[in-house]
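Okay, so here's the structure we're looking at.
The values are calculated or read from the model by the stated rules, or taken from the named source; none is laboratory data. Because the structure is predicted, anything quoted here is derived from the model rather than measured. Note: ideal-geometry Cβ built from the backbone for every residue, glycine included; neighbour counts use all protein chains shown. The area values use the complete protein model at the heavy-atom level, side chains included, leaving out ligands, DNA and RNA. Shrake-Rupley method; radii C 1.70, N 1.55, O 1.52, S 1.80 Å.
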Amino acid sequence: MKLTWFGHSCVLLDGSRKVLVDPFIPGGSVAAGPDVVAVTHGHADHMGDAASYGVPVVAINEVAKYLRTKGVDAEAMNIGGTIEVKGVRFTMTPALHSAWIEEAGIGCNGGCAAGFVIRMDDKAVYHAGDTALFSDMSLIGELYHPDVALLPIGGRFTMGPEEAMVAARMIGAPLVIPIHYNTWPAIEQDADGFRRTIERTTDCRVCVLAPGGSITL
Ligand code: NI
Ligand code: MN
């Protein structure tokens, strides 16, 4: 399976199916031709242009209902559940974050923020979404043994590098990829410093990708 990070939280998993997660990239659209899209929560910098692909979108109930009003074939689920779409398994994990859907006017309730464990081709990828550190991340490691953990490190709106290091230890994935940083000045971080510290203090390997960069799992 090939994993491509387009920047911010947007990731394409390219295996027997193409799974696009959180299709927002600053100042552009993601031309990836996915088979299925997954959205961690309703914030604009995650939902992005999810409604434009003409493929099923996996999301929490409230976001799924919102997307259906836009004509999307949405697969509704909720935290703790697992569904299979086109042979890909999506398990929705908790995230500590807000979830209002921002639209013109007051917007609407997006339920809860979430993350995903996505299983395809005998690989498990944990995309944490936007979240603070929480100790139940250790259960995600214990239950799903992710091969890679995509963790936000930007700070301010999510955990920062210090918390993400503890998250990486708790999840125990052999590979960590930092996301949700350097998109804007407010979430600027030194990803290479994060990599050096984590590789010095844990058994995890960290892969810092440039936007558009890929790694084969
Ligand atoms: Ni958010
Ligand atoms: Mn965000």
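Odds and ends about this structure:
- Residue that is modelled with the highest pLDDT, among those in region 92-121 that are of a type in the set (G, A, S) and more than 20 Å from A74 (Cβ to Cβ): S98
- Residue among A124, A50 that is more than 12 Å from the chain's Cα centre (by Cα) and within 21 Å of P178 (Cβ to Cβ): A124
- Among residues of region 106-121, those that are within 14 Å of ligand 1 (Cβ to nearest atom) and without any contact (Cβ under 8 Å) to a residue 40 or more places away in the chain, counted: 1
- Subset tally (residues that are within 15 Å of ligand 1 (Cβ to nearest atom) and either among the small types (G, A, S) or surrounded by fewer than 24 Cβ atoms within 10 Å (Cβ to Cβ) (or both)) for region 33-42: 2
- Selected residue (criterion: nearest to ligand 1 (Cβ to nearest atom)) from residues of region 82-100 that are open to solvent by 40 Å² or more (accessible area, probe 1.4 Å) and small (G, A, S): S98
- Across region 165-210, the qualifying residues are those that are within 16 Å of the chain's Cα centre (by Cα) and either at pLDDT below 95 or part of a strand (DSSP E or B) (or both), and the one among them that is farthest from G154 (Cα to Cα) is L175.
- Filtered residues of region 28-50 (kept if in contact (Cβ under 8 Å) with a residue 40 or more places away in the chain and of a type in the set (S, T, N, Q)): T40
- Lone qualifier among I60, I79 - being touching a Cys at 6+ places or on another chain (Cβ under 7 Å), open to solvent by 20 Å² or more (accessible area, probe 1.4 Å) and within 16 Å of ligand 1 (Cβ to nearest atom): I79
- Pick from region 149-164, criterion touching a strand residue (DSSP E or B) at 6+ places or on another chain (Cβ under 9 Å) and more than 16 Å from ligand 1 (Cβ to nearest atom), ranking: least open to solvent (accessible area, probe 1.4 Å): A149
- Total residues in region 46-57, condition more than 13 Å from ligand 1 (Cβ to nearest atom) and on the phi > 0 side of the Ramachandran plot: 1
- Every residue from region 18-32 that is open to solvent by 40 Å² or more (accessible area, probe 1.4 Å) and closer than 21 Å to R119 by Cβ: K18
- Condition met for G48 (closer than 26 Å to K2 by Cβ, within 16 Å of ligand 2 (Cβ to nearest atom) and open to solvent by 20 Å² or more (accessible area, probe 1.4 Å)): yes
- Residues within region 104-115 that are within 16 Å of ligand 2 (Cβ to nearest atom) and open to solvent by 50 Å² or more (accessible area, probe 1.4 Å), tallied: 1
Yes or no, residue by residue, for (1) within 12 Å of ligand 2 (Cβ to nearest atom); (2) of a type in the set (D, E, K, R):
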residue	(1), (2)
K2	no, yes
C10	yes, no
L13	no, no
V19	no, no
D22	yes, yes
S29	no, no
D35	no, yes
A38	no, no
